[in-house]
Amino acid sequence: MSEEARTGAPPTVVLVHGAFADGSSWNGVIERLQAAGLPVIAPAVPLRGIASDAAYVAGVLSETPGPVVAVGHSYGGAVITNAATQAKNVVGLVFVAAFAPDEGERLGEVAASSKDSVLMSALFQHRLPETNGGEPGIEFSVDPARFRDAFAADLPADKAAVLAATQRPVSETGFSDASGPPAWKALPSWAVVATGDKAAGADLVRRMAERAGATITEVDGSHVVMISQPQAVTDVILTAVAATSSSESTGWANAVVEAYLTD
């Protein structure tokens, strides 16, 4: 553990959302973590590519006082995999229905290996205009007509429709950027595998989590398991917090987690 992480304070939980989403996707988890007395933030990720987004999130992590448990959903898992190597205060990683790529892997290529995922066939491609003399760009969004099936099958149709209408497109570089050296090779990791995940694909998420040596919890839920099953996701995060707390704060963390999980 680095000096930046040796503060005696409980870790701050930094929740990193995925593609087609924003920080509000963590609302149910945030409410529960705050009820447990933990500091938590959910920054807005630009969704402009792995390298760019990892650099942005690394800045957020580094500027967060004390130790951090970084939590990533979906594409956010790839972001924290890269960002946590640049931030010395990260003490643990939690992957929630998330990608955990190895060095050199590209999400567009590895996603195609999933037999459970239907996401790639549900994407719309948009051409971005030139700005400030730059080259035109490409970004993707999910077909609203297929959003619930691919992303949120266990949510009510009206709630899934709102998520589809408010989705944030992701740059093509989110799928084509090569991932860098993975933080999970040096940090303890936990993973939530949503058994009904048709976006990242439950099979691919499970394989990546096993490769990362993560402690795996399987939950009956869709890709947006943090929305449909916020308690189950919170429980895994609290377990990670307790396991990564410094000796000065271990008693506090264990007491909080035990009280919350048995409440």
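Values in this text are rule-based calculations from the coordinates and carry no lab data. What you see is a predicted model; the values in this text were computed from it and never measured. Please note: Cβ atoms are built from the backbone with ideal geometry, for glycine as well, and neighbour counts cover all protein chains shown.
Note on Ala157 and Lys115: their simple-model spin labels are 3.1 nm apart, each label 7 Å out from Cα toward Cβ. Near His223, within a Cβ-to-Cβ distance under 12 Å, what is the net charge of the other residues, with Lys and Arg +1 and Asp and Glu -1? Its environment carries a net charge of -2. Protection proxy ranking, highest mean first, for peptides 70-81, 109-120, 18-29, 202-213: 70-81, 18-29, 202-213, 109-120, where packing is the per-residue count of other beta-carbon atoms within 10 Å, averaged. Full extension of the chain segment joining Ala55 with Ala178 gains 42.9 nm, where the gain is 0.36 nm per residue of separation less the Cα-Cα distance. Take 168-176, 9-17 and order them by the average number of nearby Cβ atoms within 10 Å per residue, most first; the result is 9-17, 168-176.
Compute the relative contact order of segment 94-195 as a whole-number percentage, counting only Cα pairs closer than 8 Å that sit 6 or more residues apart in sequence. Working shown, then result.
Details: 122 pairs, mean separation 43.9, N = 102.
Reported as a whole number, the value is 43 percent.
Between Thr81, Val91, Gly104, the Cα set farthest toward the positive side of the dipole of segment 72-148 (charges on each charged residue's Cβ, about the Cα centre) is that of Val91.
Relative contact order of segment 139-236, taken over Cα pairs closer than 8 Å and 6 or more residues apart, is 29 percent.
In the elastic network of the chain, a GNM with C-alpha springs shorter than 10 Å, the most mobile of Ala54, Ala35, Ala160 is Ala35. A straight chain from Lys185 to Gln125 at 0.36 nm per residue would run longer than the Cα-Cα distance by 18.2 nm. Scanning residues 5 or more positions from Trp190 or on other chains, those with amide H under 5 Å from its amide H are Leu93, Val94, Phe95, Thr215, with H placed 1.01 Å from N in the peptide plane.
Within the shell of other residues whose beta carbon sits under 14 angstrom from the beta carbon of Gly180, the net charge comes to -3, with Lys and Arg scored +1 and Asp and Glu -1.
For the chain, go through all pairs of different Cα atoms, get the mean of 1/r, take its inverse, and jot down that Kirkwood value in Å.
Working: mean 1/r = 0.0550 Å⁻¹.
About 18.2 Å for the chain.
Estimated at 0.36 nm per residue, the fully extended path between Asn27 and Ala44 surpasses their Cα-Cα distance by 4.8 nm.
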